[in-house]
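Take a look at the structure below.
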Amino acid sequence: MEKTVLNYRVIIEPDKRTGTDELCFTAYCPKLGIADDGDTVAEALSSIKEGIKCFIEALIKEGVEVPPPDNIEEGVVTSTKISLPSDVKIASL
């Protein structure tokens, strides 16, 4: 059986669980509007992959058109830390 591979963008960010403030990672798929979390980046990615699969399977079962994939190449989004003088004014979060 031939398979179709869909490539959706997933964003993973450090987060805190509601109610417990435990540190975790939240994974979000903007195209599909779904999110999940995990204790590690790998767990969050595994959870969102399963969520995406279940979401798309439900759409297919209901006869709803599957949103087009993002069709992006593999990539990395990261952050970086910089040092500034301590007297620099930084807006509050």
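No value in this document is a laboratory result; all are computed from the given coordinates. This is a predicted model, so every value here is computed, not measured. All Cβ positions, even for glycine, are placed from backbone atoms using ideal geometry, and neighbour counts span all protein chains on display.
Legend: ranking of residues Ser79, Ser92 from fewest to most surrounding C-beta atoms inside 10 Å; resulting order Ser92, Ser79.
The mean sequence distance of close C-alpha pairs (under 8 Å, at least 6 residues apart), as a share of the length of the range 1-88, puts its relative contact order at 23 percent.
With an a/c value of 1.5 or above and a/b larger than b/c for the gyration tensor axes a ≥ b ≥ c computed over the alpha-carbon atoms, the chain is described as prolate.
With Cα atoms defining each centre, the range 35-55 and the range 1-26 are spaced 4 Å apart in the structure.
Just to confirm the number: angle between the C-alpha axis of helix 41-62 and the first principal axis of the chain, 0 to 90 degrees, nearest 10? On a 0 to 90 degree scale, this one is about 30. Computed about its Cα centre, the charge dipole of the chain is approximately 200 debye, with only Lys, Arg, Asp and Glu carrying charge at their Cβ.
Over the chain, dividing the summed -39,500 (n - 2.57) contributions of all DSSP H runs of at least 4 residues by the number of residues returns a 222 nm mean residue ellipticity of -8500 deg cm²/dmol.
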